[in-house]
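Any read-out appearing in this document is the output of simple, stated calculations on the displayed coordinates, not a laboratory observation. Since the structure is predicted, the reported quantities are computational estimates derived from the model, not experimental observations. Here the Cβ is made from the backbone with ideal geometry for all residues, glycine too, and neighbour counts use every protein chain on show.
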Amino acid sequence: MDFGSYSTLHLDVNDSIATLTVNRPEALNALSQEVVAELWKAFTAIQDSCTHDAGWPVRGVMVTGAGGKAFVAGADIREISAMEPDEAAEYSRSMQAVTLLIEKLPVPVVAAVDGFALGGGCELALACDFIYASEAAWFGQPEVNLGLVPGFGGSVRLPQRVGLGPARELIYTGRRIDAAEALRLGLVNRVLGTREEVLAAVRETLAEIAEKAPAAVGLAKQTISKATGRSTANGLEDEADAFREAFATHDMREGTRAFLEKRAAVFTGR
Ligand code: CO8
């Protein structure tokens, strides 16, 4: 089966498990618009293959990042720093659409996180069914450091995953948490020593699930997604609007420029 070719991703299918690796290590796998478009294409190809007629060639998906330093360090700050508010809302919606596609996929999608899963990276992991992490993993929604808000579903899925109080604290402070804290909060299901151990453990769990009746697993996933679906969809709309508003502020220009110039941002509230 042909799952397409990609320039910012690797997609391998082995023993009915697809491994999707975001591959932009020079930018810590940041989600450029090209990555977002390719994620859409890859998950669509996987979705199209999930049929009774095709014999379910993919029964589980692992999402990970290349390079050994990051899962995904967020949206591409270089690209977004120049965006106008409407363009930013459009970008936010395009990645939100990818996260909804992941949730609708009739097979489990598991994030294997080693290194940084920040901002859009944490949001990509949160759209997956669950997360396994290495001891070197870091999670956070650091958008406020840039004058931004989460834009790829974090305002909705982080509270769903860890509860309102911890989600509010993480989003308002932009603080990073390590794997042990992420485990304590229920953000990740398991912590393993190294990247290789994480990849092996995810594969093992997906292989265990692949032995079950695929339609039953798909229905179970669909039912869980539906239970939170309506509030997720409404929340994502509000999030994209908030993203557009943040892009109309001077502080957002200052925050992203300061990151690129490797200095501390000076926020003035404008
Ligand atoms: N975007 C673009 N480039 C990045 C990003 C990013 N998110 N993160 C890192 N890079 C680049 C750096 O600029 C650097 O490039 P260069 O070598 O050319 O200077 C390279 O990757 C290596 O990074 P560092 O030198 O910074 O590596 P460190 O080990 O010193 O630090 C960190 C690692 C802590 C992960 C640091 O890179 C960092 O703080 N990155 C940004 C994390 C962040 O703020 N992420 C959130 C981004 S905003 C977001 O995700 C919003 C989601 C919704 C968007 C909706 C858009 C409309």
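Structural remarks
- Rounded FRET efficiency, nearest 0.05, which uses the C-beta distance separating residue 135 from residue 222 and R0 of 41 Å: 0.75
- Computed from Cα atoms, the angle from the helix 195-210 axis to the main principal axis of the chain rounds to 50 degrees.
- Highest average packing first - 55-62, 82-89, 146-153, Cβ atoms within 10 Å: 146-153, 55-62, 82-89
- The chain - share of DSSP beta bridges that are antiparallel (%, nearest 5): 30 percent
- Taking amide H positions as modeled 1.01 Å from N, with prolines and chain starts lacking one, the residues under 5 Å from residue 62 and 5 or more places away or on another chain are 18, 19, 20, 110.
- Mean projected area in nm² (Cα convex hull; one quarter of hull surface) for the stretch 214-260: 5.2 nm²
- Within the stretch 10-43, backbone nitrogen closer than 16 Å to the virtual label 7 Å beyond the Cα of residue 1 toward Cβ: 11-20, 41-43
- Amide H partners (placed H, <5 Å) of residue 76, local residues excluded: 31, 32
- Among the listed pairs 69/212; 41/221; 104/212, those beyond 23 Å (Cα-Cα): 69/212
- Overall dimensions of the chain by Cα: Rg and Dmax, Å: 17.8, 59
- Given in Å, the Rg to one decimal and the Dmax to the nearest whole number for the Cα atoms of the stretch 128-223 are 15.4, 46.
- The HN-Hα couplings worked out from phi for the stretch 170-180 by the Karplus form 6.51 cos²θ - 1.76 cosθ + 1.60 (θ = phi - 60°) are 5, 6, 6, 8, x, 5, 9, 10, 8, 4, 5 Hz, whole numbers, x standing for Gly and Pro.
- Among the chymotrypsin sites (Phe, Trp or Tyr not before Pro) within the stretch 169-251, not one is in coil by DSSP while having at most 15 neighbouring Cβ atoms inside 10 Å.
- Close amide-amide hydrogen proximity is noted between residue 192 and 133, 134, 135, each under 5 Å apart and 5 or more residues distant or on a separate chain (H modeled in the peptide plane; Pro and chain starts excluded).
- Between residue 104 and residue 207, the simple spin-label model (points 7 angstrom out along Cα→Cβ) gives 3.2 nm.
- Centre separation in Å (Cα based) which lies between the stretch 195-270 and the stretch 71-86: 14 Å
- GNM top mover of 69, 226, 41 - the chain, alpha-carbon springs below 10 Å: 226
- Cα long-axis angle, helix 85-104 against the chain (0 to 90 degrees, to the nearest 10): 20 degrees
- Surrounding net charge for residue 5, when Lys and Arg each add one and Asp and Glu each subtract one, Cβ distance under 15 Å: -3
- Under the Karplus curve 6.51 cos²θ - 1.76 cosθ + 1.60, θ = phi - 60°, whole-Hz ³J(HN,Hα) for the stretch 125-133, x wherever Gly or Pro sits: 5, 5, 6, 6, 5, 7, 10, 10, 9
- The trypsin sites (Lys or Arg not before Pro) found in the stretch 152-212 that occupy coil by DSSP, while having at most 16 further C-beta atoms within 10 Å, are 175, 212.
- Computed FRET value (nearest 0.05) for residue 262 with residue 15, which takes r as the C-beta separation and R₀ as 35 Å: 0.20
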